[in-house]
Amino acid sequence: MLGQFAADSSASVQSVCKRLAHTGEAACRSTSAEMVIFIWKNLLQTTKERILQQRRMSVYSQAHGYEEELIKKKLQQFAGGSINLTKEDNGIGILTLNNPKSMNAFTGTMMLELQEKVTELENWKDGKGLIIYGAGNTFCSGSDLNVVKAMSKFQDGMNMCMFMQNTLTRLMRLPLISVALVQGKAIGGGAELTTACDFRLMTPGSEIRFVHKLMGLVPGWGGGARLVRIVGSRAALQLLSGATRVDTERALHLGLSEETLSSSDEAGALEEARAWLSQYTEGPVSVIRAAKEVVAGGRELPLEAALRTEKDIFGTLWGGPANLQALARSLKHK
């Protein structure tokens, strides 16, 4: 579509130029080229803006009975812990769940802060990768029980469910290659959070466990649906219905984890995770982010829509700086 539009635009500009022959043939060609470039750049910007808008779209709105402002006010009442974000010069962000006295359980204000950090990451134009981990050598134990008990009414529970699904879906759609660094336990909502990342790395002795059954529940933050896409329906049903502990060996076998790191301490594991992620984030920002967006489209969209999205993203790179520099180097792939 972009190429056809540019071709049509070029033909249109040439027609105008012919009617303005007094300006000279050379001037006409120059004007034509400049106009096509201008139109092309506008098209690319429009494409990028459309992709960004799609990425930020929430799963739920008022049409689904979702009352975002109401749930935000209620969550604000349950303070404690924090979500910290640092953005490094190499384009890798570090998102830290910081509530170690409660195994990094999500308080109400932490849920709100996670949404804020996701928005910040959506606006980070230089970002290429993201590592999520928990302070104090454990990942996350899900929702703080004080929040769960206070949200016992049906509508409160549904609003919190939709709030977290919206946030984690936006996290999953970030144009950053994301990794959950699992130390200690990732249970309940913490296990769900790992599934919103592209990859999972585990440290020795760590585990992932969907304990919702023991609470008389099923996942509500989207972790069940995402788990099926990661390990398949049979394994997902076993993990959910059995509330099974998934250690490092089984996680590797299921494809739930990419690698078991050698370091158990927080600093060493984080450094290993950085090194692991860097093999996928090395290169121009535009290319890394485009690769993630193509995969996200292929994962979420019907085939024809995914193909069109891939074509549009391809169009944002073709003839761009990274493409031209690679061609100038006359790269040969061995």
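The values are calculated or read from the model by the stated rules, or taken from the named source; none is laboratory data. Since the structure is predicted, the reported quantities are computational estimates derived from the model, not experimental observations. Every residue, glycine among them, receives a Cβ derived from its backbone with ideal geometry; neighbour counts consider all protein chains shown. Surface accessibility is based on the protein's heavy atoms, side chains included, excluding ligands, DNA and RNA. Shrake-Rupley method; radii C 1.70, N 1.55, O 1.52, S 1.80 Å.
Going from most exposed to least, what order do 117, 213, 125 have by accessible area with a 1.4 Å probe?
The most accessible residue leads, giving 125, 213, 117.
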Could you size up the charge dipole of region 192-239 around its Cα centre, putting +1 on the beta carbon of Lys and Arg and -1 on that of Asp and Glu, and report it in debye to the nearest 20?
140
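What net charge is computed for the residues neighbouring residue 135, neighbours being all others with C-beta under 12 Å from the C-beta of residue 135, Lys and Arg scored +1, Asp and Glu -1?
0
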Phi to ³J(HN,Hα) by Karplus 6.51 cos²θ - 1.76 cosθ + 1.60 over region 80-86, Hz, x for Gly, Pro
x, x, 6, 10, 10, 10, 10
In debye to the nearest 20, the charge dipole size for region 210-314, taken about the Cα centre with +1 at each Lys and Arg Cβ and -1 at each Asp and Glu Cβ, equals 580
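Could you put 212, 253 in order of accessible surface area, largest first, with the 1.4 Å probe and the full protein assembly present? Walk me through the numbers on the way to the answer.
Working: 212 20, 253 155 Å².
Descending order: 253, 212.
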Exceeding 22 Å between C-alpha atoms, which entries from my cross-link table qualify? They are 72/117; 101/213; 73/149; 87/128; 117/213; 101/153.
101/213; 117/213; 101/153
With DNA, RNA and ligands ignored, accessible area of residue 247 (1.4 Å probe; Å², nearest 10)
80
